[in-house]
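Here the structure is laid out as structure tokens; the discussion comes afterwards.
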Amino acid sequence: MTDAASLADRVREGELRLHELEAHADADTAAEARRLLVESQSGASLDSVGNYGFPAEAADTAIENMVGAIQVPMGVAGPVEIDGGSVDGEKYLPLATTEGALLASVNRGCSVINSAGGATARVLKSGMTRAPVFRVDDVAEAEALVSWARENFQTLKDAAEETTNHGELLDVTPYAVGNSVFLRFRYDTKDAMGMNMVTIATEAACQVIEEETTASLVAVSGNLCTDKKPAAINAVEGRGRSVTADVRIPREIVEDRLHTTPEAIAELNTRKNLIGSAKAASFGFNAHVANVVAAMFLATGQDEAQVVEGANAITTAEVQDGDLYVSVSIASLEVGTVGGGTKLPTQSEGLGILGVRGGGDPAGSNADALAEAIAVGSLAGELSLLSALASRNLSSAHAELGR
Ligand SMILES: CC(C)(COP(=O)([O-])OP(=O)([O-])OC[C@H]1O[C@@H](n2cnc3c(N)ncnc32)[C@H](O)[C@@H]1OP(=O)([O-])[O-])[C@@H](O)C(=O)NCCC(=O)NCCSC(=O)C[C@@](C)(O)CC(=O)[O-]
Ligand SMILES: NC(=O)C1=CN([C@@H]2O[C@H](COP(=O)(O)OP(=O)(O)OC[C@H]3O[C@@H](n4cnc5c(N)ncnc54)[C@H](OP(=O)(O)O)[C@@H]3O)[C@@H](O)[C@H]2O)C=CC1
């Protein structure tokens, strides 16, 4: 019997395990069986969680033990005019969030950017990293490993690239601490965010290192990568895409549309985003770039834990000949348009709104375009929030739209 109730009974009786139901029924039935089990054990209703709008099978490489889907509302801001290295023209920005006032804020920023003639965005550096950690006997061996890695880059590149059609090893940077050696591998992963790709490729290179040197691999990830943790190395060296967006806004537009002045925004940016962040020892010298990064990550199927790195952003604001110049530079924005969650039906539609679904031509251009769109969305959000703070209407806006 493979109906959901029978499957749930068989799990209760210890005949089947919760995670192996897909071997006995289609993915939707397996998810329904799990809901029945969880509902009976917890007393919770999972009616809404079970009311999802895609075949459960489409999520088979995205989740295990699936019971349904959490639905986050999605909206659009814009369209916003972007002059990018890989994205060009008017684009609606897809954002998924539960924070009332966020879309209104980004929308206002987009509308002001349009009135100023559009924003410029460029990816300035690109490369996904993986840094395995090796054990050696002492510092003499550490030095020998570091020298070997420097002299044998081509050998490591050949081994790594054997595992992928798209990935290219760009460089390997060694770091040694006593008898621990870290080799930070950096790859061009084209349109993939690349964490699976670079982990597989680096593991192949590590095998060669163990064969050719005295070093022992302790772990393919030694945290100097650094993935999904706050880390200065990403803020300084970059990880994924390092992307910048800017705009110059005439004074009249700042006064009419943002209810403040270029001077007030520039002062606020210095005291809040620069001095305040420095005093807090924050990596994020910005107001709420993470808001836009998180919302666009959810809407386009990115790995949501990497919002940690996406918050490594600096916002600048200055008065130029009476007008306002604002920029946002995100050091480590880890995005892809193929692989991972980008394949899911709703997320893939989110990418479609930006015209960046799947692989780009040339390879890598779609992920660059996505990074540039996120940077412009962040710029719009910064502009609007800084204006709301400068004109003292942040709390009233949230009281009106978010409660
Ligand atoms: C809320 C506004 C935009 C009002 O701003 P306003 O200027 O009073 O609004 P308006 O009614 O005059 O409309 C201006 C434009 O805003 C947009 N707009 C206006 N309303 C909507 C709406 N309902 N839906 C969609 N778009 C909307 C729209 O573009 C509109 O132009 P139009 O299209 O009409 O020509 C403004 O007060 C604002 O941006 N406030 C800031 C809110 C914000 O950024 N919240 C998120 C961040 S807060 C947080 O999470 C982080 C924090 C604060 O803790 C970080 C930190 O420490 O700094
Ligand atoms: N393994 C880990 O340690 C971690 C994994 N993750 C997860 O990894 C996933 C993302 O990894 P990622 O490697 O991006 O995705 P996938 O593992 O889904 O692999 C994407 C693959 O798509 C192929 N591909 C097809 N067209 C292109 C193109 N135009 N550009 C680039 N690649 C293309 C590549 O194959 P080929 O290589 O053959 O060329 C590439 O390896 C996410 O689900 C994330 O949550 C996140 C953090 C850590």
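The values are calculated or read from the model by the stated rules, or taken from the named source; none is laboratory data. Just so we're clear, the structure is a prediction, and the values are computed from it rather than from any experiment. All Cβ positions, glycine included, derive from the backbone under ideal geometry; neighbour counts span all protein chains shown. In case anyone asks, the SASA skips ligands and DNA or RNA and just uses the protein heavy atoms, side chains included. Shrake-Rupley method; radii C 1.70, N 1.55, O 1.52, S 1.80 Å.
Across the chain, the fraction of Cα-Cα pairs farther apart than 31 Å, rounded to a whole number, is 48%. When you restrict to C-alpha pairs under 8 Å that are six or more residues apart and normalise by the size of the chain, the relative contact order lands at 19 percent.
Segment 351-392 gives an Rg/Rh value of 1.24, both radii derived from C-alpha positions and Rh following Kirkwood. For segment 212-313, averaging the sequence separation of C-alpha pairs within contact (under 8 Å, six or more residues apart) and dividing by the residue count gives a relative contact order of 33 percent. Rounded if a/c is under 1.5, else prolate if a/b beats b/c, else oblate: with a ≥ b ≥ c from the C-alpha gyration tensor eigenvalues square-rooted, which is segment 21-71? Here segment 21-71 falls in the oblate category.
Close amide H pairs (under 5 Å, H built 1.01 Å from N) link Ser332 with Arg239, Asn312, residues at least 5 positions away or on another chain.
Calculated FRET efficiency, Glu252 to Arg403, Cβ-Cβ distance, R0 = 25 Å: about 0.15 to the nearest 0.05.
Ranked by the mean number of other Cβ atoms within 10 Å of their residues, highest first, the peptides 202-209, 379-386 come out as 379-386, 202-209.
3J(HN,Hα) along segment 20-28: 10, 5, 5, 6, 10, 7, 5, 5, 5 Hz, from the Karplus curve 6.51 cos²θ - 1.76 cosθ + 1.60 with θ = phi - 60°, whole Hz, x for Gly and Pro. Carbon-plus-sulfur accessible fraction, segment 132-219 (probe radius 1.4 Å, protein heavy atoms only): 46%.
3J(HN,Hα) along segment 282-290, derived from phi through the Karplus expression 6.51 cos²θ - 1.76 cosθ + 1.60 where θ = phi - 60°, amounts to 7, 8, x, 8, 8, 8, 7, 3, 4 Hz, with x in place of Gly and Pro.
For a straight C-alpha distance cut-off of 12 angstrom, the aspartates and glutamates reachable from Lys190 (same-chain residues fewer than eight places away being disregarded) are Glu168, Glu334, Asp361, Asp368. Once you have the Cα-Cα distance between Ser115 and His259, take 0.36 nm times their residue separation minus that, and quote the gain in nm to one decimal. Residue separation times 0.36 nm, minus the Cα-Cα distance, leaves 50.4 nm. Per residue, segment 132-219 exposes 49 Å² of accessible surface when a 1.4 Å probe is rolled over the protein heavy atoms with every protein chain present.
Along segment 93-109 the Karplus relation, 6.51 cos²θ - 1.76 cosθ + 1.60 evaluated at θ = phi - 60°, assigns HN-Hα couplings of 9, x, 9, 10, 7, 10, 8, x, 5, 5, 5, 4, 5, 5, 4, 4, x Hz to successive residues, with x for each Gly and Pro. When each of the peptides 173-179, 327-333, 256-262 is scored by the mean number of other C-beta atoms lying within 10 Å of its residues, the order from highest to lowest reads 327-333, 256-262, 173-179.
For segment 132-219, a simple Cβ point-charge model (Lys and Arg +1, Asp and Glu -1, everything else neutral) yields a dipole of about 300 debye relative to the Cα centre. Helical content alone sets the calculated 222 nm signal of the chain at -12000 deg cm²/dmol, taking -39,500 (n - 2.57) per DSSP H segment of four or more residues and averaging over every residue. Given segment 1-112, what whole percent of its Cα pairs are spread farther than 18 Å? Of all Cα-Cα distances in segment 1-112, 62 percent exceed 18 Å.
One Cα centroid belongs to segment 79-99, the other to segment 44-70; the line between them spans 29 Å.
Near Leu170, the amide H atoms lying under 5 Å from its own belong to Arg186, Tyr187, Asp188; only residues 5 or more places off or on other chains count, and H is placed 1.01 Å from N. With contacts taken as Cα pairs under 8 Å and at least 6 residues apart, segment 132-219 reaches a relative contact order of 42 percent. Amide H contacts under 5 Å for Leu324: Ile249, Arg251, restricted to partners 5 or more places along the chain or on a different chain, H placed in the peptide plane at 1.01 Å from N. Protein heavy-atom accessible surface, 1.4 Å probe, per residue over segment 1-76: 62 Å².
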